[in-house]
Amino acid sequence: MIRIPFLDSHTGGEPTRLITSLPFDLGTGSVADKLSTLKAKHDDLRRTVLLEPRGSDVLVGAYLVPPADPTCQFGVIYFNNVGYLGMCGHGTIGLIASLAYLGKVQPGVIRVETPVGVVEATLHPMSLRGEAEATSSSIGGLLPEGRNDIYPNKVSVQNIPAYRHLTHVPVTVDGKTIHGDVAWGGNWFFLIHDHGMDVNMQNLEALTDFSWRVREQLTANGITGANGAEIDHVELFASTPEADSKSFVLCPGKAYDRSPCGTGTSAKLACLYSDGKLQVGQIWKQQSVVGSIFEGSIQIQDNRIIPTITGEAWVMSEGTILVDERDPFGKGI
Ligand code: PYC
């Protein structure tokens, strides 16, 4: 039997399954090098951790790995039901809140190496109000050693630079032409406004179907990110009275993001700034289709757009993945 400890959190409804120790060595290279080794030699662990019957399409995984960059405290590699992510905003908020629960970080700045660059997370101190509420509503029970029953869970993530690659690209789906921007926020996104769809929970099937067809058309028409990179996330935007914008985000494996998508919001902020619709330091509230909100803003450093995304994450379960070598579906369906 192989045993792999895990800790699950969610950020605005989107889950992150954190694996803090890997059952093999990935060498001493950069986190990008470690990702290459994972892809080449250990993809079965991704399948084991995330796929049914143990997991589901909605889960995003995070492997905590040693960083090569000496300025970073942690390295992380994000993965999903079909492969690996460059960066993950909701995942980084979940990672830092989970590390706070585990007693491995304190409020302050935490630098994290990802396969696409270094991000800087700020764990905010707990508000006194939050602490009082948590104490009075505590369910009780046995707390495993080293865990914090009450932990800070609000995190700001200063992302890698984001930018718009292509503007107002036409795509035809079922005879209807819509337009989208191609932008990078740590993953590649196609951002659409003139889709004509209702962005709400009652319409998830149609939103998924439409976004998937857009993605197919991007592939069929050779529309890519920089250097031919596949655009594997599609974002549909709509207005809402509760935030500056609401979005439906379709992830690479056809699950929709329950959070407003940190890298997707970063891509959106880059487009807004490029259109002159967002000022440096201005707060942008992005709501997800389930109603959760991230706050975002940008700074300019060396002519590059640096987004910061703020949200909250909650730990929800912790345990041990058991892999019985005799189980025909033990490594995922
Ligand atoms: O928050 O960046 C994000 C993200 C990417 C995929 C799912 N969530």
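The values are calculated or read from the model by the stated rules, or taken from the named source; none is laboratory data. Everything quoted here is computed from the prediction, not taken from an experiment. In this analysis, Cβ positions are derived from the backbone assuming ideal geometry, glycine residues included, and neighbour counts consider all displayed protein chains. Surface areas here come from the heavy atoms of the whole protein model, side chains and all, with no ligands, DNA or RNA. Shrake-Rupley method; radii C 1.70, N 1.55, O 1.52, S 1.80 Å.
Structure notes:
- Separation in nanometres of the label points that stand 7 Å from Cα toward Cβ, at Leu22 and Trp212: 3.1 nm
- Relative contact order of the chain: 22 percent, from C-alpha pairs under 8 Å at least 6 residues apart in sequence.
- When the chain is treated as a Gaussian network with alpha carbon springs shorter than 10 Å, the biggest mean-square fluctuation among Ile231, Ile150, Ile93 belongs to Ile150.
- Length added when fully stretched, Ala68-Thr177, from 0.36 nm per residue minus Cα-Cα: 34.7 nm
- Ranked order, Ser259, Ser127 - accessible area, probe 1.4 Å, largest first: Ser127, Ser259
- For region 192-290, the fraction of alpha-carbon pairs lying more than 18 Å apart is 48 percent, rounded to a whole number.
- Distance between modelled label sites at Glu230 and Met197, nm, 7 Å Cα→Cβ extension: 1.9 nm
- Over 27 Å apart at the Cα level, from the set Lys104/Lys285; Lys176/Lys268; Lys39/Lys331; Lys34/Lys285, are Lys104/Lys285; Lys34/Lys285.
- Peptides 318-330, 25-37 ranked from most to least packed by the mean count of surrounding Cβ atoms within 10 Å: 25-37, 318-330.
- Reduced Cα scattering model of the chain, Debye log10 I(q)/I(0), q = 0.08, 0.13, 0.14 Å⁻¹: -0.36, -0.98, -1.14
- Relative contact order of region 150-233: 26 percent, from C-alpha pairs under 8 Å at least 6 residues apart in sequence.
- Share of carbon and sulfur in the accessible heavy-atom surface of the chain [1.4 Å probe, %]: 50 percent
- Ordering 95-103, 199-207 by mean Cβ neighbour count within 10 Å, with the highest value first, yields 95-103, 199-207.
- What region 158-219 shows is 45 Å² of accessible area per residue, with the surface traced by a 1.4 Å probe over protein heavy atoms.
- Cα gyration tensor shape for region 224-277, rounded if a/c is under 1.5, else prolate or oblate: oblate
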